[in-house]
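First comes the structure, then the notes that go with it.
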Amino acid sequence: MMKKGNILPLTFILISALAAIVFSYSYLTVTSLKNSGRAVSQAQALCLAEAGLAKATWYLMTPVVSGGKGITWRTPGTTESFAGGSYTLRINDPSSGNILITAEGTVGSVNRVIQAEYNQYPAAVKYGIFGSNYLGIGDRTRVRGDIYNNGDVQIDPGAIVSGEVVVTPGHSISGGGTWTPGSLPADPPAFPWLDTTYYDAEIAAAAAQNLNINKYYYGTVNLAGGKLYDKNNMTIYGTIVGPGVIAAAYDLTIKFGATIDQRVTLIAGRNLKFENSISLGGDSTMFGRTSISFFDNIAIANRVSLLSPNLVSIGNWQTINGIIYGGQVSIGNHSVVRGNLIGGATGAVSLGDDSYFSFDPIRRPSTPPPGLDTSFSFRNGSWKEL
C-alpha cells in the first residue's frame, strides 16, 4: 500500500508528462498548420504563374485593336494582380528565334516561376526550303539544311544537299547530285499562307492620293515613323531613313546607289525592283503584288522579308539574308541566300548554278512580317519551373 507522502511526487510526475504530451501535440499541430498553409500558398503561386503564362499568350496572339499587345510585344517585367495574388510577365527573344515567356506567380512571400517557349513562325520554317511545286537545284550548288517539297525535286550534277530531302507521296527526287532522302513526318506541315490585307490597304491608300504623277526622290528622306505614298510609279535614288512605310500604287524602283535604312517597309502594287548597287537595312519588309526583283550588286542586311504572292526573282551574284516567300521563286547563279525559302504556290522554285543556300533562323526577322502565317504555338518540351 502506497504511503500518503508518495502521492504528491507521483501526481506531479503524471501532470508533467501529460503537459509534455499536450505541448508536443500542440506544437506538431501548429507546425502542421503552418506547413499546410505554406503548401497552399505554393500551390496558389504556381496556379498564378500558369495564369500569367496564359495571359501572356493571349496578349501576343491578340491584336492591339482587339485589346491585346500583338505578336511584337516584349516586356522586361509586367505585373498584374489576380485572385488574391499577382503574376509578373517577362517576354523576350532567345537565340532559337522563338518567343520565351517567363511567368512568376506571387502569394504573400511565396513565389513560383515557370518558363516556356512558343513558336512564332509556322511549322514549315523548320525546313530550310519548303516548296509546293517543282524544285530545281542547279549544278554545283550547295544547300545546307533540310528540304520539304510537295512536288518533284531535281538535284543537278555536283550539287550537294547537306540535310534530308523530303517529298510528298507521288513525287520523286532525281539528278546527279548528292542528297539524303528523308521520311515524311507523321503530321506534315501545311504550306504557309500569306494574308495580303495589310499590303492591300497601303496600296489602296497610295492609289487614293491626289497627284497622279511619277515621283522621284533624291538626297535624304527621313520617314520618322511616317508613310510616303505615290498614286503612280515611284523611283528612289537617295537615302531613306526609317522607320516608316513607302507604298506605290504601281511600280516602286530602288536604284543607282540608293540606301534604305533599317525598319523600312516597301510596298508596290505591281513590281518592286532593286537595281544598280543599292544597300538595304535590316528588319525591313518588301512586298510586291506582282513581283520582287534584284539585279546588279545588291548589299542586303540581316533579317529582311521578301514577300510576293507571285514572283520573287533574285539575279546573279546576289546576297540575301532573311526570309523569302514567293508564289514562284528564281535564284540566279553564284548567289547566296541565308535564312528560309518558302515558295511554289503558283510556280516552280529554282536555285541557279554555283549558288549557296543555308538554313539559318538567326538571319530571319525576330518577328514574322505582316500577313505571314504565324501559327503561334507552344514548343513541346520547353515548359519548366525555375
List the residue pairs whose Cβ atoms are under 6 Å apart, where the first residue sits in the stretch 108-125 and is hydrophobic (A, V, I, L, M, F, W, C), the second is assigned to a helix (DSSP H, G or I), and the two are 6 or more positions apart or on different chains.
VAL110/SER41; VAL110/GLN42; VAL110/ALA45; ILE114/ALA49
Verdict on VAL165 being closer than 22 Å to ASP353 by Cβ, in the same structural domain as ASN133 (by TED's automatic domain parsing) and touching an Asp or Glu at 6+ places or on another chain (Cβ under 9 Å)
yes
Residue that is nearest to the chain's Cα centre (by Cα) [pool: residues in the stretch 232-246 that are more than 19 Å from PRO368 (Cα to Cα) and surrounded by fewer than 19 Cβ atoms within 10 Å (Cβ to Cβ)]
VAL241
Going by the conditions given, is ASN297 surrounded by fewer than 20 Cβ atoms within 10 Å (Cβ to Cβ), out of contact with any strand residue (DSSP E or B) (no Cβ under 9 Å at 6 or more places or on another chain), of a type in the set (S, T, N, Q) and not in a strand (DSSP E or B)?
yes
Test GLU164 against the criterion of being in contact with a strand residue (DSSP E or B) (Cβ under 9 Å, 6 or more places away or on another chain), in a strand (DSSP E or B) and of a type in the set (Asp, Glu), and give yes or no.
yes
ALA258 vs (1) surrounded by 22 or more Cβ atoms within 10 Å (Cβ to Cβ); (2) under 26 Å from the mean Cα position of the chain (by Cα): all pass except (2)
In the stretch 337-360, is there at least one residue being under 30 Å from ASP156 (Cα atoms), among the small types (Gly, Ala, Ser) and without any contact (Cβ under 8 Å) to a residue 24 or more places away in the chain?
no
Would you please name the residue that is farthest from SER305 (Cα to Cα), looking only at residues in the stretch 335-386 that are among the β-branched types (Val, Ile, Thr) and assigned to a loop (DSSP other than H, G, I, E, B)?
THR346
Specify the residue that is surrounded by the fewest Cβ atoms within 10 Å (Cβ to Cβ); the eligible residues are those in the stretch 188-228 that are among the polar types (S, T, N, Q) and under 20 Å from GLY269 (Cβ atoms).
ASN210
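A quick yes/no check of all residues on (1) assigned to a strand (DSSP E or B); (2) among the charged types (D, E, K, R); (3) over 25 Å from THR367 (Cα atoms); (4) at pLDDT 90 or above:
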residue	(1), (2), (3), (4)
PRO76	yes, no, no, yes
SER81	yes, no, yes, yes
GLY97	no, no, no, no
GLU104	yes, yes, no, yes
PHE130	yes, no, no, yes
VAL143	yes, no, no, yes
Kindly check whether there is at least one residue in the stretch 306-316 that is in a loop (DSSP other than H, G, I, E, B) and modelled with pLDDT under 95.
yes
Search result, residues across the stretch 273-307 that are within 19 Å of the chain's Cα centre (by Cα), free of Cβ contacts under 8 Å to residues at least 24 places away in the same chain and more than 21 Å from TYR356 (Cα to Cα)
MET286
Here is a check on your reading of the model: is THR72 in a loop (DSSP other than H, G, I, E, B) and either within 30 Å of ASN310 (Cα to Cα) or not assigned by TED's automatic domain parsing to the domain that holds GLY170 (or both)?
yes
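The values are calculated or read from the model by the stated rules, or taken from the named source; none is laboratory data. Here the structure is a predicted model, which is why all the values come from computation and not from measurement. Reconstructed Cβ throughout: ideal geometry from the backbone, glycine too, with neighbour counts over all protein chains shown.
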